[in-house]
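K.L.:
Structure below; questions to follow.
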Amino acid sequence: MPVPPPHQPADLARLLTRAERLVSRRMLPILAAEDVTTEGWRVISLLADGAGHPMTDLSEQAFLPPATLTKLIDRLVDDNVVYRRVDDVDRRRIRAHLTPRGRRLHNRISDRLEADLSTLPLSDTDRSLLEQLLAGLTGALDATTMASA
């Protein structure tokens, strides 16, 4: 019986990258049916919490350069999915929000993605554990990134 190779530090990064790409591949037909890009979906998902987000936060959270995010938001505004408002506290900041049409779009896509992912042979317990572990990992990485900045 072959001996498994020793644990490599790059294994986690490789596994996370592979998982993200495979999930993205499954998402593409669902997003394409709604004429939404992966980047657009990231932004729509972030805005679905209803809080409204400053453009700088969206840029960081969606992993998009500010100029690219601005073009994407312009398109989403043209499609009546997103609207912009001046921040009530800091009038120099602009916050993006989902329109009612954007919320319906989010719900449709989210339901289809959830139905697709539910076909994976992953128990509810394992999926919940995976979500908790990934949330913990991203929280720890965010905290160390903020501390080193």
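K.L.:
Mind telling me which of the residues N107, N80 ends up being among the polar types (S, T, N, Q) and either under 14 Å from E39 (Cα atoms) or exposed (fewer than 12 other Cβ atoms within 10 Å of the Cβ) (or both)?
P.N.:
N107
K.L.:
Sort out for me the helices (runs of 4 or more DSSP H) sitting completely within the range 1-102 that have 1 or more residues that are among the aromatic types (F, W, Y).
P.N.:
38-47
K.L.:
Residue check, L130 against (1) at pLDDT 95 or above; (2) under 25 Å from L15 (Cβ atoms), all met but one. Which one?
P.N.:
Unmet for L130, out of (1) at pLDDT 95 or above; (2) under 25 Å from L15 (Cβ atoms): (1).
K.L.:
Kindly list the number of the only condition in (1) in a helix (DSSP H, G or I); (2) within 27 Å of L133 (Cα to Cα); (3) out of contact with any strand residue (DSSP E or B) (no Cβ under 9 Å at 6 or more places or on another chain) that fails for T119.
P.N.:
(1)
K.L.:
Would you be able to say whether some residue in the range 51-60 is small (G, A, S), surrounded by fewer than 14 Cβ atoms within 10 Å (Cβ to Cβ) and out of contact with any Gly (no Cβ under 7 Å at 6 or more places or on another chain)?
P.N.:
Scanning the range 51-60 turns up at least one residue that is small (G, A, S), surrounded by fewer than 14 Cβ atoms within 10 Å (Cβ to Cβ) and out of contact with any Gly (no Cβ under 7 Å at 6 or more places or on another chain).
K.L.:
Let me ask another. Is it the case that the range 93-104 has a residue that's farther than 22 Å from V36 by Cβ, more than 19 Å from the chain's Cα centre (by Cα), charged (D, E, K, R) and modelled with pLDDT under 95?
P.N.:
Yes, because at least one residue in the range 93-104 is farther than 22 Å from V36 by Cβ, more than 19 Å from the chain's Cα centre (by Cα), charged (D, E, K, R) and modelled with pLDDT under 95.
K.L.:
Could you check the range 97-149 and list, in sequence order, the residues that are among the aliphatic types (A, V, I, L, M) and closer than 17 Å to D49 by Cβ?
P.N.:
L98, L105, I109, L113, A135
K.L.:
Here is a follow-up. Would you mind finding the one in M27, M1 that is over 20 Å from R101 (Cα atoms) and modelled with pLDDT under 95?
P.N.:
When all the criteria are applied, what remains is M1.
The values are calculated or read from the model by the stated rules, or taken from the named source; none is laboratory data. Predicted, not measured: the structure shown is a model, and the values here were computed from it. For neighbour counting, all protein chains shown are included, and Cβ atoms are generated from backbone atoms with ideal geometry for every residue, glycine included.
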